[in-house]
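Encoded as structure tokens, the structure appears first; notes follow it.
Just so it is clear, none of the values below were taken in a lab; they were calculated from the coordinates. Values in this document were obtained by computation on a predicted structure and should not be read as measured data. Here the Cβ is made from the backbone with ideal geometry for all residues, glycine too, and neighbour counts use every protein chain on show.
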Amino acid sequence: MNDSATGSWKVERDPDGIAWLTIDKPGTSANVLSGSVLGELDALLARLEQDLPRGVVVISAKKSGFVAGADIKEFTGITDAASGYGLIRRGQQVLNRLAALPCPTVAAIHGFALGGGLELALACRYRVAVADERLSLGLPEVLLGIHPGFGGTVRSVRVAGVRAAMELMLSGKPVRAEKALRLGLIDRLVAASDLRRCAREMLLRASAPRRAPWPQRLLSSAPLRPLVGRSLRREVARRAPREHYPAPYAIIDLWSRYGAHGPQAFEAEARSIADLFTTQTSRNLVRVFLLQDRLKGTGGKSAAEIRHVHVVGAGVMGGDIAAWSALRGFTVTLQDRALEYVQPALERAQALFDKRLREPAKNAAARARLRADVAGEGVPDADVVIEAIYESLEAKQQLYAQLEPRLKPGALLATNTSSLMLEPLAAKLARPQRLVGLHFFNPVPQMPLIEIVHAQHTDPAAVQAATGFARRMDKLPLPCRSAPGFMVNRVLTPYMHEAMLAAEEGVPLTVIDAAAVSFGMPVGPIELTDIVGLDVAAHVGEIIARGLGRPASAAPRLTELLAAKRLGRKSGAGFYVWRDGKAVKPMAPAAARAPPDLLDRLILILVNECVACLRERVVEDAELVDAAVLFGTGFAPFRGGPLTYARARGVAAVVARLTELAARYGERFQPDRAWASIASGAEP
């Protein structure tokens with residue numbers, strides 16, 4: 001019978017006396033533990049305490065999964081440590097109440113249990129989950145600059161042990177079904193049809209709850225914690241400095257002090273996360289999360305009809321776009337001048353499938369969806385045709401002249417150009433409104449962003465279809481106006497060029513790269529140039545400079561390397577020598593130090609270009625400027641994006657510094673005229 005229901009929860013008791021506690025938050029595709037949802041749960045648990053059932057099953061009615069975590073938007077309302085502590089402590093107390101029920105409890109999980117969702121499951125005595133490829137269990141809070149706060153730093157250690165719990169919390173990476181079972185996060189894996197039956201059986205049998213294995217419990221003893229803690233801190237320090245990312249160190253500190261023992265461990269967890277909420281790192285990482293959500297929400301529905309993708313150009317970009325399309329379920333034909341140019345792309349695709357698709361049947365299906373098509377026979381059947389040849393206006397126009405008459409009605413014609421504007425590309429098309437930019441980034445499997453480039457004449461339906469296609473590719477679509485270099489390459493070019501100028505002045509390459517990495521960039525600008533390809537970087541730089549009416553001069557060292565056919569990673573040597581896909585970096589002289597101006601030269605020239613892009617409305621607003629650079633370049637996420645960084649540093653201070661650099665190094669550092677609008681918070 002139905003005992004009670006609230007906005008997000010329903011309780012039903014079956015004939016065995018088991019209470020089925022079902023979560024189904026209205027108006028959302030996934031359940032989240034907002035303050036109101038937790039409040040409702042608290043009230044229901046109070047009623048269950050008064051009329052105790054034989055057992056409780058916590059289960060989700062959502063098709064998507066169990067619970068996705070806390071409501072991240074509520075974090076933006078935290079003004080200080082006290083308000084953060086209040087929010088977290090209330091949620092913690094609700095899950096403590098669930099854990100303290102004197103009857104057995106089981107979490108019946110399908111799809112995912114992430115963050116607060118996994119903490120909810122860990123507060124139950126048992127956990128059973130559906131064993132399929134969608135199952136994903138994790139504690140990703142560290143990616144938001146915080147750590148689990150609803151008891152997760154304590155219960156994960158108690159249930160799975162120190163090593164497994166730390167792996168989950170410090171990496172933020174979820175685990176799949178078999179690994180979750182192996183780590184002890186769940187007790188049983190079952191088929192979807194058996195989930196409810198197995199949950200009932202576990203309650204009726206009510207065996208002793210799972211605890212971490214004895215050797216793992218020993219690691220949490222007071223004598224061993226300092227030793228293990230030092231080892232964990234060393235591991236974290238190799239990936240994330242404490243001053244940039246304090247959360248993983250806070251996780252280790254909590255465990256080192258309390259060993260996941262006693263009520264004081266929960267109280268300390270709440271105090272610790274409350275302090276982390278107020279850090280600039282957490283505020284910025286939450287901002288990055290919400291920016292990602294905004295881009296995910298831009299997908300158009302008209303892409304549902306896209307099934308067949310035809311890619312012209314089997315180089316690194318075209319081949320990887322084709323491979324990723326096949327991985328994502330599209331039928332793909334890949335065209336180039338001869339089979340010898342397509343074959344390496346097919347081999348790279350197979351390596352991608354082997355890495356991402358472990359089930360033989362799914363691997364074989366992806367492979368079957370991708371085929372070489374030298375004659376271009378797939379063009380008339382394709383729903384989207386993506387041109388990914390080299391950056392030449394004439395070559396692209398000639399190709400379009402061949403493709404356009406063969407396109408079926410409604411097919412999308414897209415270019416992966418990284419710098420050429422759509423207007424000249426479309427000039428000779430019979431239907432220029434059909435052409436849209438789909439600018440992927442290298443490496444395609446890793447980079448999340450696609451710039452969706454439109455010109456004034458582009459059909460809005462084409463833009464919507466391209467945006468929806470990007471979402472079906474599991475990428476983040478960034479609406480972007482046709483302009484030289486669009487958004488990302490426009491701001492990267494001066495950054496990379498400034499690094500090369502510093503090298504000409506005698507600053508060691510490794511010192512330049514180390515300065516950028518110390519700021520938080522994923523790789524330095526010299527290494528990035530090698531990854532992009534020196535020929536591509538030089539050519540794109542020329543196109544952008546010409547389009548903006550700026551001097552197009554390559555650094556002398558770049559010109560020399562190009563003449564020597566040292567093109568970067570793809571040729572085995574560029575600024576660095578490359579072995580097994582990694583740069584071999586020479587040791588910098590012992591006395592080598594980064595010049596005082598170096599970091600500001602690299603970063604502020606990029607930030608200044610971002611302001612120019614905003615003024616020109618290359619993207620719609622300041623949020624999208626930050627999103628473009630964060631997701632398109634890997635710009636230090638803990639800084640929240642280039643414009644957020646400038647505001648945190650102080651706009652007046654940034655403008656004054658740019659003025660100093662302009663006096664010392666030249667006109668290229670002259671502050672953009674839109675800085676005044678950035679300072680006032682208005683859009684220029």
*asked:* Between Asn96 and Asn442, what is 0.36 nm times their sequence separation minus the Cα-Cα distance? Round to one decimal in nm.
replied: 119.9 nm
*Rounded to the nearest 10 degrees, what's the angle between the helix 509-519 long axis and the longest principal axis of the chain, both from Cα atoms, 0 to 90?*
40 degrees
_So if I take the centroid of the Cα atoms in the stretch 233-250 and the same for the stretch 70-138, what is the distance between those two points in Å?_
25 Å
*Within the chain, what percent of beta bridges assigned by DSSP are antiparallel, to the nearest 5?*
25 percent
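First select every other residue whose beta carbon is under 10 angstrom from the beta carbon of Glu404; then total the charges, Lys and Arg +1, Asp and Glu -1. Display every interim value, and only then the final one.
Working: positive: Arg406, Lys428, Arg431, Arg434; negative: none.
Net local charge, Glu404 excluded: +4.
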*Fully extended, how many nm does the chain gain between Arg557 and Arg234 (0.36 nm per residue separation, minus their Cα-Cα distance)?*
112.5 nm
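Using the number of other C-beta atoms within 10 angstrom as an exposure proxy, rank Asp530, Asp580 with the fewest first. Write out the running numbers ahead of the final one.
Working: Asp530 27, Asp580 5.
Fewest-to-most Cβ neighbours within 10 Å comes out as Asp580, Asp530.
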*What is the helix-to-structure angle for 81-99, meaning the angle in degrees between its Cα long axis and the longest Cα principal axis of the chain, kept from 0 to 90 and rounded to the nearest 10?*
50 degrees
*Sequence of Ser83, Ser677 once ranked by neighbouring C-beta atoms within 10 Å, starting from the fewest*: Ser83, Ser677
*Specify the inter-centroid distance of the stretch 465-493 and the stretch 155-179, based on alpha-carbon positions, in whole Å.*
35 Å
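For Glu667 and Ala430, what is the calculated FRET efficiency with R₀ set at 60 Å and r taken between the beta-carbons, to the nearest 0.05? Let's see the in-between values first.
Details: r = 43 Å, r/R0 = 0.72.
Rounded to the nearest 0.05, the efficiency is 0.90.
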_Let me make sure I get this right: for the stretch 74-177, a, b and c are the square roots of the gyration tensor eigenvalues over alpha carbons, sorted descending. Under 1.5 in a/c it's rounded, otherwise prolate if a/b > b/c, else oblate. Which is it?_
oblate
*In terms of Cα to Cα distance under 24 Å, which lysines are near enough to Lys585, apart from those fewer than 8 places away along the same chain?*
Lys565, Lys570
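Let me know the shape class of the stretch 293-407, please: from the alpha-carbon gyration tensor, a ≥ b ≥ c as square roots of the eigenvalues, rounded when a/c is under 1.5, otherwise prolate if a/b is greater than b/c, or oblate. Working shown, then result.
Numbers: a/c = 1.71, a/b = 1.19, b/c = 1.43.
Because a/c hits 1.5 or more and a/b fails to exceed b/c, the stretch 293-407 counts as oblate.
To the nearest 0.05, what FRET efficiency results for Ser571 and Arg196 with a Förster distance of 60 Å applied to their C-beta separation? Display every interim value, and only then the final one.
Details: r = 59 Å, r/R0 = 0.98.
E between Ser571 and Arg196, to the nearest 0.05, is 0.55.
Among residues other than Lys25 whose Cβ falls under 12 Å from its Cβ, what is the net charge (Lys/Arg +1, Asp/Glu -1)? Please list the in-between numbers first.
Details: positive: Lys10, Lys62; negative: Asp24, Glu40, Asp71.
Result for the local shell: -1.
Ranked by Cβ crowding within 10 angstrom, fewest neighbours first, how are Glu560, Glu404 ordered?
On the way: Glu560 11, Glu404 19.
Starting with the residue having the fewest Cβ neighbours, the order is Glu560, Glu404.
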*Once every DSSP H run of n ≥ 4 in the chain is given -39500 (n - 2.57) and the sum is divided by its residues, what mean residue ellipticity at 222 nm do you get, rounded to the nearest 500 deg cm²/dmol?*
-15000 deg cm²/dmol
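Using the Cα gyration tensor of the stretch 367-466, with a ≥ b ≥ c the square roots of its eigenvalues, what is the shape: rounded (a/c below 1.5), prolate (a/b larger than b/c) or oblate (neither)? Could the numbers behind the result be given before it?
Working: a/c = 1.35, a/b = 1.07, b/c = 1.26.
It is rounded, given that a/c, with a ≥ b ≥ c, falls under 1.5.
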*Could you state the angle between the C-alpha long axis of helix 534-548 and the longest principal axis of the C-alpha atoms of the chain, as a value from 0 to 90 degrees rounded to the nearest 10?*
70 degrees
_For a label point 7 Å along the Cα-to-beta-carbon line of Arg546, residues of the stretch 417-457 with backbone N under 13 Å_ = 419-421, 424-425
*FRET efficiency for Lys73 and Gln350, using Cβ-Cβ distance with R0 set to 30 Å, rounded to 0.05*: 0.10
*For the cross-link pairs Lys296/Lys396; Lys10/Lys475; Lys173/Lys475; Lys362/Lys582, which exceed 25 Å when the distance is taken from alpha carbon to alpha carbon?*
Lys296/Lys396; Lys10/Lys475; Lys362/Lys582
*asked:* On a full-extension model of 0.36 nm per residue, what is the gain between Ala43 and Glu394, subtracting their alpha-carbon distance, rounded to one decimal in nm?
replied: 119.5 nm
